[in-house]
Amino acid sequence: MQFHHHGYVSTEPRVAPAAGIGTDRPAELPETMDVLIVGSGPAGVIAAAQLAQYPDVRTRIIESRPGRLELGQADGIQARSVETFQAFGFAERIIAEAYRITEMNFWGPDPEHPDHIVRTSRTDDDATGISEFPHLIVNQARVLDYFLEAARRGPGRLEPDYGWEFTGDLTVTEGAEHPVAVTLRRTTGEDAGAERTVRAKYVYGCDGAHSRVRRAIGCTMKGDKALHAWGVMDILSETDFPDIRTKCAIQSRSGGSILLIPREGGYLCRLYVDLGQVAEDDGGAVRQTPLRAVVEKANEILHPYTLEVRDVAWSSIYEVGHRLTDRFDDVPDEERGTRTPRVFIAGDACHTHSAKAGQGMNVSMQDGFNLAWKLGHVLSGRSPESLLDTYSAERQVVAKELIDFDREWSTLMAKKPEELGDPDEVAKFYVRTSEFPFGFMTEYTDSIITAEGRNQELATGFPLGKRFKSEQVVRVGDTNPVHLGHHARADGRWRIYAFADAAAPSDPGSALRGWAEWMATAPDSPVAVHTPAGADRDALLDVKVIYQQGHHEFDMTDAPEIFRPRSGPFQLRDHEKVYATDRRDPEIFTTTDIFASRGISREGAVVVVRPDQYVAGIFPLEDTAGLADFFRGHLLPADGAKPAGSSATA
């Protein structure tokens, strides 16, 4: 964590200085705004937290509830989401209060006593080391709390406007300064029922499976129901089942199956209880199943073990359904490219599926992260409006892949033991497909912000279009071993990681030094072209270097100026952008050569990472023209003079 660069700080350093709208934010919902977020679910709150980093973007988030969410339904937090929490600054705190999944156990019928269940296998949750971050269970309400705290602490000082709902009345008038007119209704207080119209440049519908925003823009949900019902309950119980604090998939001979998820706090657990097939003409009657019947069914499946429910924190009955919208914004395919998207939808408003794969909240957050930085870029003048077309193109594909995966997983969970080709089929599927539910199979294809298929051989461990997989390096200035990706914050900046060639850092003829001098001094470099006038040199592009040498083999001052920029009113040097390969004594420390582990060419390479942590491009050090062209494809030239400290001797 870095602070003090604007002066001495003795208060909470995670609270950014207020700026822009954050210095005088209207307490009441104004008549006009840049972005209106409808709904404070996972997609809405992460979008709010990201947009709070753009203090000149006027953002409001409305919620029909009178206050914070008291009891959340979702609870599974995949490793990709924890990576995202790290970017927003609260990973360590939420990990401390969460339940951590390290193994999953599988239970099935006892061959000698088929009416009994026995443990059939144990699997490591992350057997292949997909991520350094854990798989967590924590109440959705707490996740929302942390993101709203980040929004409140951001420069824009963003707070929800509780007690407002969208009525479903929305019109778009092209050419107007605030083209989207939205009718809202008060849900609380003395004026409950009163309506008013506000206008926005963009509207983001994060209002759930029954989304009014989705209906207002004519998007349709398509899909089907699996005609299979499940009862889900968060319970405090007394039981002799030995794995009550371990995630389990349990299949009985005839009583159906249970997915058991221990919850945070040491006592609570969640059970997804198989209620069996649902008749096509059921008409929703299964949803009236009494809780008593769900508990009885759970005991039938767990036999010979017993479960005595002492308290139920939350319960529900649901039918598995897999549905997906045809698009994620208000532009039909036949009009794509002819007008700017003005209204977007996310999360359950776009895709619904079963809860058992633990994906709903996780994918929704990535929806919000994906769009929010793009809105921030467009509204702050960094990017053209065409950037917004990439949101629907990227996230609709991800949602389709999620539904395909969940259909297979939920179908497998509902099978009877005799229907499985292999008694360990469920366990094997869980291990084989773990990268997908962990959130790491997302792979964006070629676009203005993803240079797919170009120069991949220079950095094979950073697949283009996939999230930037961090690795351990040593920060030269303070000699600390750190994860390279953990320093990146959700501040709307692009990351440029320059992996040096094998020459000594002080070698004036090295390819890395030539690239660095071009970045710092050339009039066509991305820093010169796109950094706002008067801003710090790294205000938009966060440029770092990773050398092949160990940190004892050179001094930080051997690195070119571009990697030691000045920032803040005192123009203080940033000493945390120069990294070395971890060459500490392997007999004492666990070390990793990032060049070897991530397949980085020993000739060097430049890896560009988007603000939402996905690899956007890979370039040879010599291809400065290619790098410049890439950024010109989605960033606008900044008006005015060069950024502060942009001279070669700064």
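The values are calculated or read from the model by the stated rules, or taken from the named source; none is laboratory data. Since this is a predicted model, take the numbers as computed values, not measurements. Quick reminder, even Gly has a Cβ in these numbers, built from the backbone with ideal geometry, and neighbours come from all protein chains shown. Heavy atoms of the whole protein, side chains included, go into the accessibility calculation; ligands, DNA and RNA do not. Shrake-Rupley method; radii C 1.70, N 1.55, O 1.52, S 1.80 Å.
Points worth noting:
- Just one residue in the set L29, L36 is farther than 26 Å from T84 by Cα, hydrophobic (A, V, I, L, M, F, W, C) and open to solvent by less than 30 Å² (accessible area, probe 1.4 Å); that residue is L29.
- Inter-residue pairs, beta-carbon under 7 Å, first more than 21 Å from K201 (Cα to Cα) and in segment 381-410, second outside any helix (DSSP H, G or I) and of a type in the set (G, A, S), 6+ apart: F405/A357; D406/S354; D406/A357; W409/A357; S410/A226; S410/S354
- Matching residues, segment 370-380, being touching a residue at least 40 places away in the same chain (Cβ under 8 Å) and open to solvent by less than 10 Å² (accessible area, probe 1.4 Å): N370, L371, A372, W373, L375, G376, H377
- Being farther than 19 Å from C206 by Cα, free of Cβ contacts under 8 Å to residues at least 60 places away in the same chain and under 19 Å from the mean Cα position of the chain (by Cα) is a property that holds for R93.
- Sole residue being at pLDDT below 95 and of a type in the set (F, W, Y), chosen from F554, F570, F563, F499: F570
- E394 vs. criteria of a type in the set (D, E), touching a Phe, Trp or Tyr at 6+ places or on another chain (Cβ under 8 Å) and surrounded by 21 or more Cβ atoms within 10 Å (Cβ to Cβ): yes
- Scanning segment 31-53 for residues that are touching a helix residue (DSSP H, G or I) at 6+ places or on another chain (Cβ under 6 Å), farther than 17 Å from A346 by Cα and in a loop (DSSP other than H, G, I, E, B) turns up at least one hit.
- For the criterion of being part of a loop (DSSP other than H, G, I, E, B), within 27 Å of the chain's Cα centre (by Cα) and surrounded by 16 or more Cβ atoms within 10 Å (Cβ to Cβ), R327 passes.
- Among the residues examined, Q2 qualifies as surrounded by fewer than 23 Cβ atoms within 10 Å (Cβ to Cβ) and more than 25 Å from G265 (Cα to Cα).
Quick grid of which residues meet (1) modelled with pLDDT under 95; (2) open to solvent by less than 30 Å² (accessible area, probe 1.4 Å); (3) polar (S, T, N, Q):
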| residue | (1), (2), (3) |
| --- | --- |
| G156 | no, yes, no |
| L170 | no, yes, no |
| T173 | no, no, yes |
| Y204 | no, yes, no |
| R212 | no, no, no |
| K225 | yes, no, no |
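- Residues that are open to solvent by 50 Å² or more (accessible area, probe 1.4 Å) and part of a strand (DSSP E or B), drawn from segment 175-200: R185, E195, R196, T197, R199
- Contact map, segment 574-597: first residue under 19 Å from F499 (Cα atoms), second residue open to solvent by less than 70 Å² (accessible area, probe 1.4 Å) and aromatic (F, W, Y), Cβ cut-off under 6 Å, separation 6 or more or different chains; pairs are K577/F563; V578/F563; A580/Y547.
- In segment 573-611, the residues that are modelled with pLDDT under 95 and either on the phi > 0 side of the Ramachandran plot or hydrophobic (A, V, I, L, M, F, W, C) (or both): I588, F589
- Test: residue in segment 441-464 that is assigned to a loop (DSSP other than H, G, I, E, B), within 30 Å of P109 (Cβ to Cβ) and either under 22 Å from the mean Cα position of the chain (by Cα) or at pLDDT 95 or above (or both): no
- One residue stands out among those in segment 341-354 that are open to solvent by 10 Å² or more (accessible area, probe 1.4 Å) and at pLDDT below 95: the one that is farthest from R323 (Cα to Cα), which is D348.
- Filter result for I235 (among the aliphatic types (A, V, I, L, M), in a loop (DSSP other than H, G, I, E, B) and modelled with pLDDT of 95 or more): no
- Restricting G218, G223 to those that are in a strand (DSSP E or B) and closer than 30 Å to L170 by Cα reduces the list to G223.
- Cβ-Cβ under 8 Å pairs, at least 6 apart or on other chains, segment 477-503 side touching a residue at least 40 places away in the same chain (Cβ under 8 Å) and hydroxyl-bearing (S, T, Y), far side buried (at least 20 other Cβ atoms within 10 Å of the Cβ) and in a loop (DSSP other than H, G, I, E, B): T479/H551
- Flag set for L402, criterion: buried (at least 23 other Cβ atoms within 10 Å of the Cβ), modelled with pLDDT under 90 and in a helix (DSSP H, G or I).
- Criterion applied to A79, A127, A87 was being in contact with a Pro (Cβ under 8 Å, 6 or more places away or on another chain) and among the hydrophobic types (A, V, I, L, M, F, W, C), and the one residue passing it is A79.
- Qualifying residue in segment 21-29 (condition: among the hydroxyl-bearing types (S, T, Y) and in contact with a strand residue (DSSP E or B) (Cβ under 9 Å, 6 or more places away or on another chain)): no
- Index of the failed condition, E132 passing every other in (1) in contact (Cβ under 8 Å) with a residue 60 or more places away in the chain; (2) farther than 28 Å from D367 by Cα; (3) open to solvent by 20 Å² or more (accessible area, probe 1.4 Å): (2)
- Qualifying position, being open to solvent by less than 10 Å² (accessible area, probe 1.4 Å), of a type in the set (D, E, K, R) and in contact with a Lys or Arg (Cβ under 8 Å, 6 or more places away or on another chain), among D333, D367, D389: D367
- Unmet requirement for I21, which otherwise passes all of (1) in a loop (DSSP other than H, G, I, E, B); (2) open to solvent by 20 Å² or more (accessible area, probe 1.4 Å); (3) in contact (Cβ under 8 Å) with a residue 40 or more places away in the chain; (4) not aromatic (F, W, Y): (1)
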